[in-house]
Structures are given as C-alpha cells and as structure tokens.
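Q: Let me give you the structure first, and then I'll get to my questions.
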Amino acid sequence: MNRLACVLALSWSAAPACAPLEANQITPLDPRGQLMRASMDLLGTRPTEDELVIIDEQPELYPAFVDLWLQTPAFEERLRSVWNLRLLTRTGEVGFDPAEAGIEGVDERAIAASLADEPLRLLSWIARHDRPLTELVTADYTVADQAVARMWDVEIPGFGGWEPGRYADGRPHAGVLSMTTLWQRYPSAGGNANRHRANAVSRLLLCDDYLDRPIAFARSDVEAVASDPEETIRSTPACQSCHATLDPLAAHFYGFWGDEEGLREATLYRPERELLWMEHGGAAPAYYGTPTSNLVELGQQIAEDPRFVDCAVRTAVEGFTQRSLGPADWSEVQALRLAFEEGGLTLRALVRAIVTSETYLAGDAADADLRARLATVRRVSPDQLAGVVEGLTGYRWTIDGRDALTDPNVGLITLAGGVAGDVTAPSWSPSVTLSLLHERLAWLAAWHVVRRDLVEGERLLLRRVTLDTHPDTHASEFAATVRDLLHAVRGRPLEPDSPEPARFAALFAQVYSVEGDPEAAWAAVVSAALRDPAVLFY
Amino acid sequence: MPVRLHRRTVLKGAAAASAAAFVGLPTSGRAWAAPSDRKFLFLFASGGWDTAQVFEPKFGGAEGVDLPPLSEPGQIGDLRFVAGPDRPEVARYFARWGHRSAIVNGIDTHSIGHGSGTRFVLTGTSASTSPDWPTRLADADPIALPMPHVVFSGPAFAGGLGASVVRGGDGRLLELIDGSIVGRSGAPASVPASPVDAMIDAVVHEQNARFRGASRARVAAEHEESLERAMELEGRLFEAGLGETTAGLLGTALRAVDLMRLGLARCAMVRIPGRWDTHGDNTPQTRQFGALFGALDRLQEHLATTPGDHAPTLADEIVVVALSELGRTPRLNGGGGKDHWPYTSALVAGPGVAGGRTLGATDDGLQAVPIDFATGRPSAAGDMLGTEHLGAALLRLGGVDPATSLPGVQVLRALLA
C-alpha cells in the first residue's frame with residue numbers, strides 16, 4: 001500500500017499514520033535479552049544457559065535459534081495459545097456427556113479440552129506442514145484425536161495423536177467453517193437466524209466485529225421492529241447497514257441449524273437444511289455482495305479477502321507481543337504482511353518476521369508512550385508462568401489432578417490474566433491476583449525443590465549444598481548457591497559485588513531462627529528467588 | 001493470626017480521618033457516607049430482563065404490553081411497580097426499601113445485541129477501550145485499595161485500568177488469598193507462617209527495587225503496587241476470618257459487602273443468576289425477579305443492620321445498582337417468549353440516591369420518551385435517556401467527576417438527592 005492509500009485508510013485517526021519509527025527511537029535488547037524474549041514467546045520457557053552462552057558469543061545466530069524453535073511442538077502449543085485469544089474455544093465448558101458417544105470411564109474435562117482444540121489443532125497442523133494459512137478456511141479435512149473423532153463422528157486413520165480426518169455426516173469441508181466445535185462454541189438459536197455465527201466469522205477471521213459498529217435507530221425503526229422484526233431488518237437502512245452483509249453470511253450455516261437434543265442430533269450437519277435461509281430472513285448466501293452457495297465457496301471468498309491476512313497478522317502480533325495495534329503501527333503491520341505473503345502465507349514465515357523485527361527486539365524506547373506502545377517489557381501469560389517455573393524447578397502446579405495454569409476448569413487462568421469462560425480478553429498488566437499466584441506457585445515449587453534436592457538427594461537445582469549447609473558455617477557454598485539460583489531465574493550472572501547472597505543468607509537465618517528447620521529455611525530462600533520479577537517480566 | 005499493618009493501611013486510616021474532618025456532617029444532614037467513601041455493588045442480569053415484570057407497570061395501555069399473568073400494580077410514594085402473588089418478594093422489597101430505591105426506566109441501550117448492549121450499559125460507549133462504571137469508580141479511589149473492583153461473576157470492561165480489576169476466578173480468589181490453595185495442590189505444602197511470609201516479602205520488595213530501571217519504571221511501579229496490595233490483602237483477610245464459601249446471589253453479594261466493609265474493595269460485580277434471554281419462554285423471568293428481589297431484601301436488611309466505616313450503617317455507605325444489558329419486547333412472540341428490546345431499566349438504591357421515585361419514562365408501547373434530566377419526568381423539550389447519562393450519575397454519586405471521562409454528557413441529576 002502506498003503512503004497516500006495508507007493515509008486514506010487511516011483517515012479516521014489523527015495519529016502519525018504510516019510513519020516508520022526512526023532508528024534512534026529504539027534501543028534493542030542485548031543478545032541474551034533477545035534470546036530470552038524469543039524463547040518465552042516461541043517456546044513458553046526460558047532458553048538454557050548453554051544457549052545463552054552461545055548467543056553471547058555469536059549474536060548473529062539469533063535467526064537460527066528462531067528457525068530451530070519454530071520447528072518444535074512447543075511452538076505449536078504457543079501458536080494455539082495465542083490464537084485462542086481470538087477464537088476463544090478453550091472455555092473449559094463441557095457441552096455433552098461423553099457416554100452419549102459411547103465413551104465411558106473417561107475424564108469429561110479431558111474430552112472437553114480435546115474438543116475445544118479442534119480449530120486450534122488445525123491451525124498448528126497447517127503451521128507444522130508449512131501450508132498457507134488460508135487452509136484454515138479452505139482445508140477439505142479437519143483434524144481430530146480419538147476423543148474428537150468419537151464425539152463428533154470424524155473418520156481418522158487412527159495412528160494416534162491428532163490426525164487429518166473427515167466428518168462422517170457428509171458435510172462440506174472448509175477448515176474451521178465446517179467444525180462442530182466452532183459452531184457449538186458460537187451457537188445461534190431461535191430468531192437469531194445464524195447471525196451470531198456470521199458475526200463470529202467476521203470477528204474471528206476478519207477481525208471485524210459487527211457489534212463494534214455504532215448504530216442509531218430512528219424512533220420509527222424501533223416501532224417497526226416491534227411489529228415485524230425481519231421485515232424491518234430487510235427494509236430499514238439503519239438495520240441494513242449491518243444486515244446487508246451479515247445475513248448473507250449467516251445463510252451459509254443452516255446445515256448446522258436445529259434445536260434437537262442429544263449429542264448426535266445436535267451436532268450433525270444436515271445438507272437438506274442448507275436452504276432453510278429462505279424461511280429465516282430470506283437473504284441468500286453471499287460474501288459481501290458476491291453470491292456463494294456453500295461453506296466451501298464461503299471459505300474460498302474469505303481466503304481471498306485481504307482482511308483475512310490482515311487479521312492473521314494482527315492476531316499474531318498482538319498475541320505474541322502483547323501490543324495493541326493502532327494506526328501508528330500501520331507501516332509495521334504492512335511490512336509484516338508483506339513478509340507473510342512472500343513466505344507463502346505460512347505461519348512460520350509470519351512469526352519469524354515478527355520476532356526478528358526491530359520493534360519486537362526493543363528493550364527500551366525514546367519515551368514512555370513509545371515504551372507502552374511497543375510493550376518493551378512483557379508480562380508472562382498463565383501458560384508461560386507455568387512453563388518458566390517448571391523449567392527452573394521441574395515443578396508443574398496441579399490442583400485436583402489438573403494443570404493449575406492451563407486448565408480453564410481450575411479457575412486460576414483468569415486470575416493470572418488469561419482468558420477463560422466469561423473473560424474474553426487477556427490482561428497484560430501486573431495485578432494483585434498475579435502477585436498472589438506467583439507467591440503461591442513459588443512456595444510450592446520451592447518445597448518441591450527442597451524435597452527433591454535436599455531430602456531425596458537429587459541435587460538438580462541446589463547442587464552445592466545439603467540440609468546441613470548453613471550460611472554461617474558454609475558461607476561460600478551458600479553464596480554460590482544463591483548465585484546459581486538467581487542466575488537461573490534471571491538468565492544472567494550476578495555482579496561479583498552483589499549484596500544479594502548476603503541478603504539471602506540473612507533470610508535463611510531469620511527463617512531458621514523462627515522455624516528451627518533447615519527445610520523451611522531453604523524453601524524460603526528458593527521461594528524468594530523464584531519470586532524475582534524476572535520470572536514475571538521479560 | 002497476627003495482623004500485618006502496611007503503609008497503605010495506615011495511609012487509608014489517615015485519609016479517612018482527614019476526609020471526615022473536612023467533610024464534617026454527612027451530606028444534607030443525612031447519615032450518608034460522603035461520595036468518595038461510597039462503595040458500589042453492581043448486580044447484572046445477563047441476557048436482557050423483561051422490564052414489564054417489575055419496573056414498567058403498563059396496566060391497560062392502549063398498545064398493550066404483556067405483563068405476567070398474575071400481575072398487580074404496586075406503589076410506594078412516587079415509585080410505581082409491578083408485583084404479584086407469585087413473586088411477593090417484589091412488593092416486600094419496595095415496602096421496606098422503596099424509600100431508598102429509585103427505578104430508572106426508558107434507558108436507551110443503543111443496541112439490541114447482548115455484547116454491545118452490555119458494553120453500552122456498563123461503559124456508555126461502544127469503544128472496547130472504555131472502562132466500565134465500577135472500574136472507573138474503583139480506580140478513582142484516592143487511596144488505592146487491595147482489590148479496587150472485584151468481579152465475582154458477570155461482565156467486566158477494564159479498559160486501560162486493568163490493575164484496578166480483580167477477577168474472582170470461579171471461587172479460587174479466597175483460597176489464593178488465604179493460602180489454602182497450596183494445601184490443595186499437587187505436592188502440597190503448608191502455608192508459610194506469617195513471620196516467614198513477611199521475611200520473604202521483604203526480600204521480594206528489595207528484588208523488585210533492583211528490577212526497576214528507566215525502561216521498566218512503569219511496570220516495576222505497577223508490580224510494586226500489586227505486591228503491596230497482595231500483601232495487605234493477605235493480612236486483612238486473615239484478620240476478617242473470611243474463608244467460608246457461599247453460593248448464590250445473596251451469598252456472593254454478602255461476600256462482596258464484607259470486602260467493602262473491611263476496606264478491601266470499593267466496587268464489586270455479581271451476576272444475577274438465571275436465564276434472562278427468554279426468546280422461547282418468558283415465564284422464567286417472573287420466578288427470577290422474585291428470587292432477585294428476595295435477595296435484595298435480605299441484602300438491604302444486612303446493610304441496614306451492619307455498622308459502616310463512614311456512616312452509621314452500611315446501608316448509608318453502599319450503593320446497590322441492578323442492571324441488564326437489554327429490555328425485552330412489549331408483547332410475547334409466537335413461542336411465548338420475548339425478544340430483544342433496546343430500552344431497559346435499572347434499580348439504584350443507597351446513599352445519595354433520590355429514593356422512592358421512578359425516573360425516566362416509556363410510552364404505552366415501552367418506547368422511551370424524552371425526559372427532563374433534572375426531574376426525571378417526561379418532557380417534550382427534554383432529551384432521550386441513554387446508558388451514558390445513567391453512568392454519569394453513578395460516577396457523580398461516587399464522587400467522580402463525569403466530565404473527565406464523559407465530556408459533554410449530561411448527568412441524570414434526578415437520580416441524585
């Protein structure tokens with residue numbers, strides 16, 4: 001897009017649209033900081049110390065690390081986690097009894113987790129195989145594991161894990177547009193006439209929420225709605241400002257229409273119902289003025305819509321970098337879009353372009369506003385917090401057998417700033433509940449380390465000490481251990497003259513004097529180290 | 001359990017004393033807390049409630065409004081409502097608490113969609129960056145509280161004020177605060193004794209101070225603020241002995257009130273239970289309104305009998321606001337349900353509220369008519385009442401100048417005593 005077009009596109013804003021950042025406005029992170037940031041975003045964990053040493057010595061290897069990490073299963077999970085911020089399918093809700101599908105004696109919530117992941121797994125399948133992202137709406141297959149296959153009646157080869165498959169009820173396949181999961185998540189009941197689903201298509205795939213559009217009804221419009229809503233929608237300009245395009249989108253989804261009860265009945269696609277739009281609103285299927293006849297053609301239209309690519313760029317940038325894009329970011333978004341297109345619309349190409357960009361690697365900026373705009377300091381998401389602490393200590397927080405920070409049924413994700421249930425937007429700010437979560441997690445992980453390393457003698461993190469090591473009698477071992485701990489937590493060695501080993505020795509002594517128990521004293525030391533801000537911010 | 005005093009606690013006490021000395025007697029000679037000391041409990045019926053069930057007594061209107069079958073008119077002073085033998089809680093509530101309650105009718109939600117209606121009703125705009133009323137009220141508290149706005153359930157729009165919003169986390173919040181969650185975890189541990197906790201906290205504060213730098217100043221300050229709030233919260237919650245879990249609207253509302261009473265929160269949001277989106281069958285609305293007003297009655301009873309910090313009772317300190325994002329059509333549809341309607345009603349009760357009155361108006365067809373914002377009565381020369389005008393009044397009720405966040409928006413002055 002040339003500058004004039006760019007300015008016109010952003011004419012609603014007085015911001016300095018399309019103006020690229022000047023070189024001296026950004027101070028990049030050092031190589032170690034760059035690698036830690038990329039590792040957190042691409043893998044959800046810290047890099048190893050060996051990797052950090054390599055980048056210290058050869059900073060030019062940063063893109064190679066990125067390429068390596070983009071090939072990993074951990075990156076695929078991060079991709080799913082980021083895209084869930086838009087699709088919002090990981091709600092934790094269980095819509096059906098697995099027994100109805102003949103699945104007995106299973107964890108219902110594990111089944112629900114599989115079902116919720118159906119669209120996200122297609123996304124990561126596309127990423128893994130370097131397929132163009134347009135397959136998200138054009139794939140003539142779905143992906144399913146055993147749970148999805150049995151619950152939704154999807155035929156898969158059965159080799160294990162998530163595999164491509166096809167629904168057995170004869171529905172047309174158009175990527176996520178054909179997925180039972182998506183339309184169970186975004187149902188459309190009664191007089192809504194599939195409009196909820198149509199807006200979901202627009203919001204999730206085009207980043208355009210009809211509900212964000214301002215509307216102003218004349219008094220006569222309101223009166224007309226009361227007497228004949230559907231006719232009013234068809235004939236009133238105020239209504240048509242949205243419904244002229246929304247209703248033809250909605251008309252594609254009548255194969256999913258129905259109010260049957262029971263798993264099988266409620267989740268079947270019925271080709272014979274595809275023409276029910278004639279009875280509900282009467283708008284024929286079309287995509288913003290172009291007539292279409294089924295989900296496959298709808299998918300093709302979406303794939304060709306520039307907004308689909310823009311939305312993918314926005315989703316990836318905002319999800320991976322915690323930025324909220326505005327008009328001032330237009331030129332940057334266009335550059336990323338170009339890289340995405342030149343990379344064949346593969347997600348790896350897009351994410352690679354993001355994490356190697358100047359703004360991504362910014363460690364500081366010229367002023368506070370630019371720091372905020374570029375999110376030069378980022379906050380861990382719930383899954384990243386779990387990953388970082390597990391990477392440092394080996395402890396994975398579970399409650400009642402469920403992963404505390406990634407299972408939406410536990411109830412902690414929203415307290416950590418994530419999305420689940422009614423909460424549909426993440427919070428990237430520090431918060432009192434995140435502080436409390438961090439405190440509790442650090443304490444649990446600290447006790448795990450003390451038991452494992454000092455009681456059972458595995459000595460994985462606390463390698464230089466035993467339960468008999470007291471800072472008064474083993475000062476150098478204690479100080480070296482504190483240095484090891486904080487080095488691991490921060491990804492950087494302490495300064496030689498750092499007062500922190502002495503401060504932690506004082507903490508040990510204080511706790512020991514109260515509790516009289518070296519395990520408690522060591523737990524306090526490890527817990528304090530794990531509560532370093534470096535665990536939360538990167 | 002020892003009580004830990006933190007800088008914030010001390011500051012809050014000092015500020016309260018100072019405010020009391022400055023304000024002197026309660027407003028207008030009443031025993032109400034000053035606006036800046038008022039707390040707000042928001043109750044939200046997600047789905048769109050049928051205003052003709054209680055708030056809009058359209059008996060015998062020319063255009064016809066379908067009221068519940070056993071409806072009968074009720075009136076307390078200038079406050080008119082719909083009651084019925086199948087929901088005696090409504091009449092009982094207004095008989096006991098009508099003098100301190102205002103019904104606001106004919107609020108234009110600017111929408112007939114749930115999502116946009118919720119946003120409009122709670123923020124006055126369609127902008128996704130705009131914080132909702134409780135968040136604005138909570139964020140404006142001169143002395144920040146550990147949990148400025150607690151969302152137990154229901155919607156929340158934090159806008160750019162996310163640090164002021166604490167989400168309830170499906171009941172996990174209290175376990176997290178009192179530390180009992182560590183005993184429920186895999187490889188459980190005992191909760192650290194309070195002195196040990198304080199010793200670790202001291203080191204954590206020092207680590208955070210080291211973390212601070214020019215590029216991280218804002219985040220470090222916000223993190224420090226969160227740490228302080230968390231630490232105070234732990235101490236205050238132990239002090240209060242909170243920990244029992246209660247279910248339902250009343251139980252959750254009382255928990256919210258406790259947090260306010262202890263000076264831990266200024267605002268709270270609680271979802272009103274029930275399926276309010278009654279397209280297919282409108283009858284659940286009657287039962288749900290009965291349950292709502294039963295809970296409101298007991299809530300007000302509790303407030304009226306519990307001493308307040310800044311007023312004789314909590315009833316003079318806590319404003320209760322009940323809202324829904326939409327109304328429902330005047331007539332039943334073919335399926336016995338009612339569809340979305342762009343005018344809704346609200347119930348506001350508490351200190352500073354001009355109680356015993358019905359404000360705003362609709363015609364016989366439940367369509368809003370212009371009103372005089374000073375009187376709340378219909379006026380051909382008046383303006384249509386929108387969600388933003390109600391919100392501006394709520395902000396002013398809480399001592400927040402609406403002109404700052406809602407420039408040019410009229411305040412529904414009639415709501416204010």
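Q: So, in the stretch A:360-380, of the ones that are assigned to a loop (DSSP other than H, G, I, E, B) and either over 22 Å from the mean Cα position of the chain (by Cα) or away from every other protein chain (no Cβ under 14 Å) (or both), which residue ends up surrounded by the fewest Cβ atoms within 10 Å (Cβ to Cβ)?
A: Here is the first cut: in the stretch A:360-380, the residues assigned to a loop (DSSP other than H, G, I, E, B) are A:360-361, A:366-367, A:375-378, A:380.
Right, trim to either over 22 Å from the mean Cα position of the chain (by Cα) or away from every other protein chain (no Cβ under 14 Å) (or both) and you get A:360, A:366-367.
Details: A:Tyr360: 23, A:Ala366: 13, A:Asp367: 9.
Among those that are assigned to a loop (DSSP other than H, G, I, E, B) and either over 22 Å from the mean Cα position of the chain (by Cα) or away from every other protein chain (no Cβ under 14 Å) (or both), it is A:Asp367.
Q: Among what's in the stretch B:260-279 and is basic (Lys, Arg) and more than 11 Å from the chain's Cα centre (by Cα), pick the residue that is surrounded by the most Cβ atoms within 10 Å (Cβ to Cβ).
A: Applying the first criterion (basic (Lys, Arg)) to the stretch B:260-279 yields B:261, B:266, B:271, B:275.
Among the residues that remain, those that are also more than 11 Å from the chain's Cα centre (by Cα) are: B:261, B:275.
On the way: B:Arg261: 20, B:Arg275: 12.
Per the criteria, the residue is B:Arg261.
Q: Look at A:Arg452 and say whether it is more than 14 Å from every other protein chain (Cβ to nearest Cβ) and among the charged types (D, E, K, R). Full working, then the answer.
A: Details: more than 14 Å from every other protein chain (Cβ to nearest Cβ): no; among the charged types (D, E, K, R): yes.
No, not satisfied.
Q: Which numbered condition in (1) at pLDDT 90 or above; (2) more than 30 Å from A:Arg452 (Cβ to Cβ) is the only one that B:Ser164 fails?
A: The one condition B:Ser164 does not meet is (1).
Q: Evaluate the following for A:Glu342: is it without any contact (Cβ under 8 Å) to a residue 12 or more places away in the chain, more than 20 Å from A:Tyr62 (Cα to Cα) and either in the same structural domain as A:Ser427 (by TED's automatic domain parsing) or over 20 Å from the mean Cα position of the chain (by Cα) (or both)? Walk me through how you get there before you give the answer.
A: Working: without any contact (Cβ under 8 Å) to a residue 12 or more places away in the chain: yes; more than 20 Å from A:Tyr62 (Cα to Cα): yes; either in the same structural domain as A:Ser427 (by TED's automatic domain parsing) or over 20 Å from the mean Cα position of the chain (by Cα) (or both): yes.
The answer is yes for A:Glu342.
Q: Which of the following residues is outside the structural domain of A:Arg37 (by TED's automatic domain parsing) and over 30 Å from A:Ile54 (Cβ atoms): A:Val482, A:Val511? Working first, answer last.
A: On the way: A:Val482 fails: over 30 Å from A:Ile54 (Cβ atoms).
It is A:Val511.
Q: Quick one: what pairs do we get from the stretch A:124-141, first residue farther than 16 Å from A:Arg166 by Cβ, second of a type in the set (S, T, N, Q) and outside any loop (DSSP other than H, G, I, E, B), C-beta under 9 Å, 6+ apart or different chains?
A: A:Pro132/A:Thr138; A:Thr134/A:Gln300; A:Val137/A:Gln300; A:Val137/A:Gln301
Q: Has the stretch A:357-373 got any residue that is at pLDDT 95 or above and closer than 30 Å to A:Gly92 by Cα?
A: No; the residues of the stretch A:357-373 include none that is at pLDDT 95 or above and closer than 30 Å to A:Gly92 by Cα.
Q: Restricting attention to the stretch A:409-424, does a residue exist that is within 7 Å of chain B (Cβ to nearest Cβ), in contact (Cβ under 8 Å) with a residue 12 or more places away in the chain, among the hydrophobic types (A, V, I, L, M, F, W, C) and outside any loop (DSSP other than H, G, I, E, B)?
A: Yes.
Q: Let me ask something additional. Looking at B:Pro131, B:Pro146, which one is more than 9 Å from every other protein chain (Cβ to nearest Cβ), at negative phi and touching a helix residue (DSSP H, G or I) at 6+ places or on another chain (Cβ under 8 Å)? Break it down into steps so the answer makes sense when it comes.
A: On the way: B:Pro146 fails: more than 9 Å from every other protein chain (Cβ to nearest Cβ).
Going through B:Pro131, B:Pro146 in turn, the sole match is B:Pro131.
Q: Residue check: is A:Leu325 on the phi > 0 side of the Ramachandran plot and outside any strand (DSSP E or B)? Steps first, please.
A: Numbers: on the phi > 0 side of the Ramachandran plot: no; outside any strand (DSSP E or B): yes.
Here the answer is no, as A:Leu325 does not meet what is asked.
Q: In addition: So, in the stretch A:85-110, how many residues would count as being at pLDDT 80 or above, crowded, with 19+ Cβ neighbours inside 10 Å and farther than 22 Å from A:Val423 by Cβ?
A: Number of matching residues: 1.
Q: Hey, another quick one. May I ask you to verify whether A:Ile399 is outside the structural domain of A:Met36 (by TED's automatic domain parsing) and crowded, with 23+ Cβ neighbours inside 10 Å?
A: Details: outside the structural domain of A:Met36 (by TED's automatic domain parsing): yes; crowded, with 23+ Cβ neighbours inside 10 Å: no.
No; evaluated as a whole, the condition is false for this residue.
Q: Considering A:Glu500, A:Glu515, which residue is farther than 28 Å from A:Gln34 by Cβ and more than 33 Å from the chain's Cα centre (by Cα)? Let's see the steps before the verdict.
A: On the way: A:Glu500 fails: farther than 28 Å from A:Gln34 by Cβ.
Selected residue: A:Glu515, the only one of A:Glu500, A:Glu515 that is farther than 28 Å from A:Gln34 by Cβ and more than 33 Å from the chain's Cα centre (by Cα).
Q: Here is a list of conditions, (1) in the same structural domain as A:Gly319 (by TED's automatic domain parsing); (2) farther than 23 Å from A:Glu318 by Cβ; (3) at pLDDT below 95, and A:Gln25 meets all of them except one; can you say which number that is?
A: (2)
Q: Quick one: is B:Ala187 on the phi > 0 side of the Ramachandran plot, in a loop (DSSP other than H, G, I, E, B) and hydrophobic (A, V, I, L, M, F, W, C)? Full working, then the answer.
A: Values: on the phi > 0 side of the Ramachandran plot: yes; in a loop (DSSP other than H, G, I, E, B): yes; hydrophobic (A, V, I, L, M, F, W, C): yes.
Against the criterion (on the phi > 0 side of the Ramachandran plot, in a loop (DSSP other than H, G, I, E, B) and hydrophobic (A, V, I, L, M, F, W, C)), B:Ala187 qualifies.
Q: Looking at A:Leu298, A:Leu385, A:Leu338, A:Leu345 in this structure, which one is out of contact with any His (no Cβ under 9 Å at 6 or more places or on another chain) and assigned to a helix (DSSP H, G or I)? Let's see the steps before the verdict.
A: Numbers: A:Leu298 fails: out of contact with any His (no Cβ under 9 Å at 6 or more places or on another chain); A:Leu385 fails: out of contact with any His (no Cβ under 9 Å at 6 or more places or on another chain); A:Leu345 fails: assigned to a helix (DSSP H, G or I).
Sole residue among the options that is out of contact with any His (no Cβ under 9 Å at 6 or more places or on another chain) and assigned to a helix (DSSP H, G or I): A:Leu338.
Q: Spot the failing condition for A:Glu223; the list is (1) within 13 Å of another protein chain (Cβ to nearest Cβ); (2) modelled with pLDDT of 85 or more; (3) part of a helix (DSSP H, G or I), and only one is missed.
A: (2)
Q: Just to be sure before I move on: is B:Ala253 in the same structural domain as B:Leu41 (by TED's automatic domain parsing), of a type outside the set (Ser, Thr, Tyr) and either farther than 30 Å from A:Val377 by Cβ or modelled with pLDDT under 90 (or both) in the structure I sent?
A: On the way: in the same structural domain as B:Leu41 (by TED's automatic domain parsing): yes; of a type outside the set (Ser, Thr, Tyr): yes; either farther than 30 Å from A:Val377 by Cβ or modelled with pLDDT under 90 (or both): yes.
So B:Ala253 passes the test.
Q: Continuing with the same structure: Give me the strands (runs of 3 or more DSSP E) completely within the stretch B:34-112, filtered to those with at least 3 residues that are touching a residue at least 12 places away in the same chain (Cβ under 8 Å) and under 22 Å from the mean Cα position of the chain (by Cα), ordered by residue number. Break it down stepwise before answering.
A: Values: elements: B:39-45, B:72-76, B:79-83, B:101-108.
Counting at least 3 such residues, we get B:39-45, B:101-108.
Q: Looking at A:Leu350, A:Leu392, which is the one that is farther than 17 Å from A:Phe320 by Cα, touching a residue at least 24 places away in the same chain (Cβ under 8 Å) and away from every other protein chain (no Cβ under 11 Å)? Even if it seems obvious, please write down each step before you answer.
A: Values: A:Leu350 fails: farther than 17 Å from A:Phe320 by Cα.
Result: A:Leu392 is the single residue among A:Leu350, A:Leu392 that is farther than 17 Å from A:Phe320 by Cα, touching a residue at least 24 places away in the same chain (Cβ under 8 Å) and away from every other protein chain (no Cβ under 11 Å).
Q: Out of all the residues in the stretch B:42-66, which are at pLDDT 95 or above and of a type in the set (A, V, I, L, M, F, W, C)?
A: Listed by number, the residues that qualify are B:Phe42, B:Leu43, B:Phe44, B:Ala45, B:Trp49, B:Ala52, B:Val54, B:Phe55.
Q: Let me ask another. Counting just the residues of the stretch A:328-359 that are over 30 Å from B:Arg216 (Cβ atoms) and of a type in the set (A, V, I, L, M), which one comes out surrounded by the fewest Cβ atoms within 10 Å (Cβ to Cβ)?
A: A:Leu338
Q: Let me ask something additional. Of everything in the stretch B:305-349, what is without any contact (Cβ under 8 Å) to a residue 12 or more places away in the chain and within 14 Å of chain A (Cβ to nearest Cβ)? Give them in sequence order.
A: Once the filter is applied, which keeps residues that are without any contact (Cβ under 8 Å) to a residue 12 or more places away in the chain and within 14 Å of chain A (Cβ to nearest Cβ), the stretch B:305-349 yields only B:Gly334.
Q: Continuing with this model, one more query. Based on what the data block shows, is B:Arg255 surrounded by fewer than 18 Cβ atoms within 10 Å (Cβ to Cβ) and more than 14 Å from every other protein chain (Cβ to nearest Cβ)? Step through it out loud before you land on a result.
A: Details: surrounded by fewer than 18 Cβ atoms within 10 Å (Cβ to Cβ): no; more than 14 Å from every other protein chain (Cβ to nearest Cβ): yes.
So B:Arg255 fails the test.
The values are calculated or read from the model by the stated rules, or taken from the named source; none is laboratory data. Quantities reported herein were computed from a predicted structural model and do not represent experimental measurements. Virtual Cβ from ideal backbone geometry, glycine too; neighbours counted across all protein chains shown.
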